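Novice: Structure below; questions to follow.
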Amino acid sequence: MRSNKMLIKLFWSLVYTVLWELWKARNDQAFKNKKVNPMKVAEEIQVKAFNWIKNRANFGYRQSPPPELFIVDTKFELFFI
């Protein structure tokens, strides 16, 4: 039961992070006339999601995420392993 709650919290943390970063990128493009790089947005999502989850729960990671945690392909599709 506890692991299900953890997975649900993990899922929603990722959803909120993705939505937040997409919102910020959209606002930068719409209101500040900044050119948005999709790969940079994907990188920000990865970093913020990892830091948010790391600081909200104890998963054992302290420095940086393991390299196999996230994979981003060239079509800007984000896959989680």
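Novice: Restricting to region 17-32, name every residue that is hydrophobic (A, V, I, L, M, F, W, C) and over 21 Å from Asn55 (Cα atoms).
Specialist: Taking region 17-32 and keeping what is hydrophobic (A, V, I, L, M, F, W, C), we get 18-20, 22-23, 25, 30-31.
Those that are hydrophobic (A, V, I, L, M, F, W, C) and over 21 Å from Asn55 (Cα atoms): Leu22, Trp23, Ala25, Ala30, Phe31.
Novice: Taking region 19-42 only, how many residues are under 17 Å from the mean Cα position of the chain (by Cα) and more than 16 Å from Arg56 (Cβ to Cβ)? Before the answer, list the steps.
Specialist: Quick first cut of region 19-42, residues under 17 Å from the mean Cα position of the chain (by Cα) only: 19-26, 36-42.
Add one more test, that the residue is more than 16 Å from Arg56 (Cβ to Cβ), and what stays is 19, 21-26, 36-42.
Summing the residues that are under 17 Å from the mean Cα position of the chain (by Cα) and more than 16 Å from Arg56 (Cβ to Cβ) in region 19-42 gives 14.
Novice: If you scan region 1-26, which residues turn out to be surrounded by 11 or more Cβ atoms within 10 Å (Cβ to Cβ), modelled with pLDDT under 85 and among the hydrophobic types (A, V, I, L, M, F, W, C)?
Specialist: Met6, Leu10
Novice: Can you tell me which residue is surrounded by the most Cβ atoms within 10 Å (Cβ to Cβ) among those in region 27-59 that are free of Cβ contacts under 8 Å to residues at least 24 places away in the same chain and under 30 Å from Ser3 (Cβ atoms)?
Specialist: Among residues in region 27-59 that are free of Cβ contacts under 8 Å to residues at least 24 places away in the same chain and under 30 Å from Ser3 (Cβ atoms), the one surrounded by the most Cβ atoms within 10 Å (Cβ to Cβ) is Phe50.
The values are calculated or read from the model by the stated rules, or taken from the named source; none is laboratory data. The structure presented is a predicted model; accordingly, all values stated were derived computationally and were not measured. Here the Cβ is made from the backbone with ideal geometry for all residues, glycine too, and neighbour counts use every protein chain on show.
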